[in-house]
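Please read through the structure below; I'll follow up with questions.
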């Protein structure tokens, strides 16, 4: 199995010059803070988010606030857009305060991929939040091309827009890039962009079906071992 995994990773990366990375849950241990921010906002209006549902519905599927309201038929005296703004403000405080840490293998992983590929981060978080987390983790110099949330100018994952734009900014054709993700919405976006996708498992996505991925690894460390 180990040799087979190494072969599949080698085959996937051989023709690629660029790698496009997700951020939350892959590079930064930020998902618990996204949950905390979302849940704080919902609790202001009398509803609590089940954490187990959150990892699937918000994080992996990308259903967000509207999905939560629809699932529970909530009658709230506030718009989803206003709730999103409240959530953004809370989450940015965590980023700017240095509360969110990079995963233990993140620096070593970034060193490895930047030495071999052109690298972009493509995330549903705001670019200023991503940069704040990287700067606090002393990794702000490692990735220059960062695409974050851009409301009104492109569709969010699972649409492929952000990955296609990342490839363009790297000066590469989509087929010359591969994606590293941890969520179903990212896997779908990669497939629709025509890019192979490596899924990295973590404690929050272990029970999600990633059978559509080109490669699934148990951790960043395992990916590094075979890269």
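Yes/no matrix, rows are residues, columns are (1) without any contact (Cβ under 8 Å) to a residue 40 or more places away in the chain; (2) buried (at least 17 other Cβ atoms within 10 Å of the Cβ); (3) at negative phi:
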{"position": "151", "(1), (2), (3)": "yes, no, yes"}
{"position": "156", "(1), (2), (3)": "no, no, yes"}
{"position": "163", "(1), (2), (3)": "no, yes, yes"}
{"position": "174", "(1), (2), (3)": "yes, yes, yes"}
{"position": "198", "(1), (2), (3)": "no, yes, yes"}
{"position": "217", "(1), (2), (3)": "no, yes, yes"}
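Right, another one. Hey, which of the helices (runs of 4 or more DSSP H) in region 1-85, taking only ones fully inside, have at least 3 residues that are surrounded by 17 or more Cβ atoms within 10 Å (Cβ to Cβ) and touching a strand residue (DSSP E or B) at 6+ places or on another chain (Cβ under 8 Å)?
Correct list: 2-14.
Under 6 Å between Cβ atoms, which residue pairs at least 6 apart in sequence (or on different chains) link something in region 110-138 that is over 18 Å from residue 179 (Cβ atoms) with a partner that is assigned to a helix (DSSP H, G or I)?
129/92; 129/95; 132/95; 132/96; 133/95
List the number of the failed condition for residue 168; all other conditions in (1) out of contact with any helix residue (DSSP H, G or I) (no Cβ under 7 Å at 6 or more places or on another chain); (2) farther than 27 Å from residue 87 by Cβ; (3) surrounded by 17 or more Cβ atoms within 10 Å (Cβ to Cβ) hold.
(3)
Readers should treat all values here as calculations from the given coordinates under stated rules, not as data from a laboratory. Worth saying up front: this structure is predicted, and the values here are computed from it rather than measured. Note: ideal-geometry Cβ built from the backbone for every residue, glycine included; neighbour counts use all protein chains shown.
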